[in-house]
Amino acid sequence: MTDIPLARFLHEASLSGGVDFHLHSYFSDGAQSPAQLVRQVSTNKLKAFALTDHDSMAGIPGVRDEMDRLSSPGLPRFVPGVECSAQFQGREVHVLGYFTEDNPADLQAYLQELAWEREDRNRRMLARLNQLGYAIQAADLADEADASSIKGRVHMALWLVREGGFATILDAFHQLLAEGKPAYIPRQRRSVEEVAEVFKRSGGLAVLAHPQLYGWCDDPDEGKVLSELQVHFEALRGKGIEGIECFHGQSSSRQSQLMFKVAAGLDLICTAGSDSHGRDDQHAEMYHGESRPFS
């Protein structure tokens with residue numbers, strides 16, 4: 001295990017429970033403001049939490065401001081974070097970064113590059129939706145999101161629910177916006193090595209998000225799952241990944257146990273995160289003070 005205080009804290013706190021190190025605000029594809037998220041964290045009696053918006057740390061000041069405003073004894077510990085996409089063995093994976101600083105300069109330059117790439121991809125996807133008969137424009141994405149937030153497919157989905165006849169965000173993704181669907185255009189993906197190196201250079205840690213969503217835990221044969229996880233986690237460790245999100249809002253107890261067993265054997269830190277987006281969708285709800293790993 002990497003021997004730095006933040007890594008030790010994330011690992012030990014996750015194993016103790018009552019923490020949530022994977023949360024989203026409306027600065028990416030979540031529904032809540034940072035202030036609303038902090039208030040829910042307080043209501044849920046979490047001991048520690050992280051804000052991990054996609055490609056953005058713009059919500060961090062709002063978290064700090066609300067925590068200063070509340071300034072009550074026993075406030076949970078806050079860890080600044082981010083979630084970035086990466087390429088690994090021909091597929092997209094997500095990498096969580098956790099930091100001791102709110103605004104690392106190297107990371108901000110990298111996130112700005114990602115923002116430009118995302119804007120270009122949005123333009124091309126909007127053009128494709130127009131070709132498919134949906135009169136959505138760039139201004140409509142702004143209507144579906146906070147002015148400073150990262151705009152993307154979820155905001156297209158929100159518009160499609162409101163104006164395009166789709167029942168849910170999930171329906172819009174399944175029919176139009178997901179990979180392989182008519183309006184989908186892939187983004188340029190950075191390698192896992194590049195993302196992990198940027199995080200490390202910025203004083204942070206790189207943790208693989210929700211491995212069970214990549215199909216690595218699907219085999220009913222436990223031995224085969226352990227073997228597959230061993231291969232992937234070992235390869236990821238060699239590329240700079242220092243931790244695994246073993247406890248996720250959509251992972252089963254069995255999946256968490258298997259991921260933890262392999263990660264611990266490779267001396268990788270293990271983290272816990274609900275991946276809550278603050279809305280009633282396919283994502284889990286925020287954890288609470290009584291949440292425990294393997295439950």
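The numbers here are math on the coordinates, done by the rules we state, and not lab data. Source: prediction; values computed, not measured.
Using only Cα coordinates, the Kirkwood hydrodynamic radius of region 221-260 works out to 10.7 Å. In the chain, helical runs assigned H by DSSP with n ≥ 4 each contribute -39500 (n - 2.57); averaged across all residues and rounded to the nearest 500, the mean residue ellipticity at 222 nm is -13000 deg cm²/dmol.
For the chain, the relative contact order is 26 percent, taking Cα pairs closer than 8 Å that sit 6 or more residues apart in sequence and dividing their mean separation by the residue count. The alpha-carbon atoms of region 69-148 define a convex hull whose volume equals 171 cubic angstrom per residue. Rg ratio for region 189-294: its Cα radius of gyration over 2.2 N^0.38 Å, N being its residue count, equals 1.09. Region 235-295 to region 165-188: how many Å between their Cα centroids? Distance between centres, Cα-based: 26 Å. Three principal axis extents describe the C-alpha atoms of region 113-177; from largest down they are 33, 24, 19 Å.
Roughly what % of DSSP beta bridges within the chain run antiparallel, to the nearest 5? Within the chain, antiparallel bridges account for around 45 percent of the total.
In plain terms, the C-alpha convex hull of the chain casts an average shadow of 14.7 nm² when viewed from every direction. Close amide-amide hydrogen proximity is noted between GLY81 and LEU51, each under 5 Å apart and 5 or more residues distant or on a separate chain (H modeled in the peptide plane; Pro and chain starts excluded).
The mean sequence separation of alpha-carbon pairs under 8 Å and at least six residues apart, normalised by the residue count of region 66-217, gives a relative contact order of 33 percent. Report, ordered by chain and residue number, the aspartates and glutamates lying within cross-link reach of LYS200, taken as a straight Cα distance under 17 Å and ignoring same-chain residues fewer than 8 apart. Candidates past the 8-residue exclusion: ASP3, ASP55, GLU83, GLU101, ASP102, ASP106, GLU242. Here's how it looks for THR271: its modeled amide H is under 5 Å from those of ILE244, GLU245, CYS246, PHE247, which are all 5 or more places away or on a different chain.
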